[in-house]
Amino acid sequence: MKRAVVIGGYGESECQLEPIAEAACEAFNVNDAAIFTLVNADKNPNALIKAVEDAAVNTHSLGVSKVPLTANPELLMVFNGPEPHRIGSLFLSAGQIALKHAQHAIIGSNFTRNITTARDTLGQLASHPLEHLSYIPGVANFSSTRRVARMAESGLNVKLVAAEDDEFFAPLSYISAARKILPRIVDLQIIPGNHTTLLRRPGEVFARTLFQ
């Protein structure tokens, strides 16, 4: 295994993905890591293809859509990947997450971290507004289970990880979609947490998904 690769989801910045990369390096016992936001993955497709070769690739949310079908990583771990949803439902879920983060920032014990997370996300959206607008239909229509199944057909080692309380993509949507293609999926795991647990507690998530 050459390196750990992290491909972030909608609105996620490199700063938000760095802790995931650090945890991935420790989990897979590698020293090299490559980080791609959605925008960076689109702008640097050749660099992405080179980075994922023989690597442990970890994607969050829509990040899985940027992994080329012809990619040959040693392992692909898909966290909280999307399943088709109505766009209106996605906006409602986004509002619920924003409200939850605001409440945590006001009354929680991680005020600085929550404010930093909000700042980084808003900065990423403001820096690349047109790109992120163009991603919205992709979030609504993309099926991570179908993409994973296609990649697993070639023998790729894949782990699909869903969170029990994911505000966007509930485990039931994974299970429903996976029933049709389950024989082709290497591993489907449901873990405690919500859509942003990987961002907030990456070490704990890797320990739970890899070693339990």
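Computed from the coordinates by the stated procedures, all read-outs in this text should not be read as laboratory data. Because the structure is predicted, anything quoted here is derived from the model rather than measured. Glycine gets a Cβ as well: all are built from the backbone with ideal geometry, and neighbour counts include every protein chain shown.
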Arrange the peptides 149-155, 76-82 so that the one whose residues have, on average, the most other Cβ atoms within 10 Å appears first. 76-82, 149-155
Region 1-44: which chymotrypsin sites (Phe, Trp or Tyr not before Pro) are DSSP loop and have at most 16 other beta-carbon atoms within 10 angstrom? none
